[in-house]
Amino acid sequence: MSWKQATVVDIKQETARAKTFRLTLPEALGHRAGQHVIVRLTAPDGYTASRSYSIATPADESKEFELTVERLEGGEVSAFLHDELTVGDELEVRGPIGGWFVWDGDSPVLLVGGGSGVVPLMAMLRLARRTGKSELVRVVVSVRTPGDLFYADEIAGPETTLVYTRATPSSFVRPPGRLSADDIPPFAAGASAYICGSSGFAEAASELIIGAGVPTEQIRVERFGPTG
């Protein structure tokens, strides 16, 4: 799988610590919802650093795709993307990668994301909405505060349950607290489940989903660590 030169065409501030980068390629990436790419940076002295980032856009024939990146303290790549990258710059990317944590929009799914783990799930939600199949998708997103919510101007809808663990919007009915069994939609019983988040979040969410009636063989989990 060869490296490709992608050009930055737009940068959007998602939260105080996350930005969405819209990139374009000479030809369509050809990805599926849930896949990721590797971004590689090369210094003038030849030193390289690379990180994997989930694709936030659904599969289509467009040459453009989006990566949402959280800036991590001490992160080589995320800090460069946030602090140095501007529209018109080029990035080396390789992908798409991954064939297990993907959804093609043809079966019912429960999507559960913690923090930045919502990124590949957003690609799936966008796919469902674009193809008129929102009835196949239920999404549960857990974040600390409203200011930590990615895609805040888009993610809310009849498919989505938002869980705030530390602080909530003023009009929010559910009090702040960790994800619980009451937050898992009944829809889960007949669906496959996709979970993305930190290891601790993934383990806790998996237990809740199994308790909701989803067999373990129908649960797909993607964990991420603190590398940046």
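Since every read-out is calculated from the coordinates, none of them should be taken as a lab result. None of the values given here were measured: they were computed from a predicted structure. With ideal geometry, Cβ positions are generated from the backbone for all residues, glycine too; neighbour counts draw on all protein chains shown.
In order along the range 150-166, the phi-based Karplus estimate (6.51 cos²θ - 1.76 cosθ + 1.60, θ = phi - 60°) of 3J(HN,Hα) comes to 6, 6, 4, 8, 9, 6, 5, x, x, 8, 10, 10, 9, 10, 10, 8, 10 Hz; Gly and Pro are listed as x.
For the chain, modelled as a GNM whose springs connect Cα atoms under 10 angstrom apart, the maximal fluctuation among Arg130, Arg138, Arg51 occurs at Arg130. GNM on the chain, alpha-carbon springs under 10 angstrom: the most fluctuating residue among Val93, Val141, Val173 is Val173. Counting only Cβ charges, +1 for Lys and Arg and -1 for Asp and Glu, the dipole size of the range 1-100 around its Cα centre is about 260 debye. Comparing mean-square fluctuations of Glu135, Glu207, Glu84 from a GNM of the chain with C-alpha springs under 10 Å, the top value falls on Glu84. Between Leu41, Ile155, Val9, whose Cα lies farthest towards the positive end of the dipole of the chain when Lys and Arg beta carbons carry +1 and Asp and Glu beta carbons carry -1, centred on the Cα centre? Of the candidates, Ile155 comes out farthest on the positive side. Compute the Cα gyration tensor for the range 117-228, then decide on rounded, prolate or oblate, letting a ≥ b ≥ c be the square roots of its eigenvalues: rounded whenever a/c is under 1.5, prolate when a/b is larger than b/c in the other cases, and oblate in all that remain. It is rounded, given that a/c, with a ≥ b ≥ c, falls under 1.5. In this structure the amide hydrogen of Arg220, modeled in the peptide plane, comes within under 5 Å of the amide hydrogens of Ala193, Tyr194, Ile195, none closer than 5 places in sequence on its chain.
For the chain, the residue among Leu29, Ser52, Thr168 whose Cα projects farthest onto the positive side of the dipole built from Cβ charges is Thr168.
Each of Asp10 and Ile210 was given a label point 7 Å from its Cα along the Cα-to-Cβ line. The distance between the two points is 4.2 nm. Calculated mean residue ellipticity, 222 nm, the chain: -4500 deg cm²/dmol, from DSSP H runs (n ≥ 4) at -39500 (n - 2.57) each, averaged per residue and rounded to 500. Neighbour counts of C-beta atoms inside 10 Å place Met1, Met124 in the sequence Met1, Met124, starting with the fewest. For Trp3, nonlocal amide neighbours, meaning residues 5 or more places apart or on other chains whose placed amide H falls under 5 Å from its own, do not occur.
Here the simple spin-label model places points 7 Å from the Cα toward Cβ, and for Ser2 and Ser170 these points are separated by 5.6 nm. Between Glu14 and Lys19, Thr20, the built amide H atoms are under 5 Å apart, and every one of these is 5 or more places off in sequence or on another chain.
As a rough footprinting exposure proxy, the listed residues Arg32, Arg178 were ranked by other beta carbons within 10 Å of their own, and the order from fewest upward is Arg178, Arg32.
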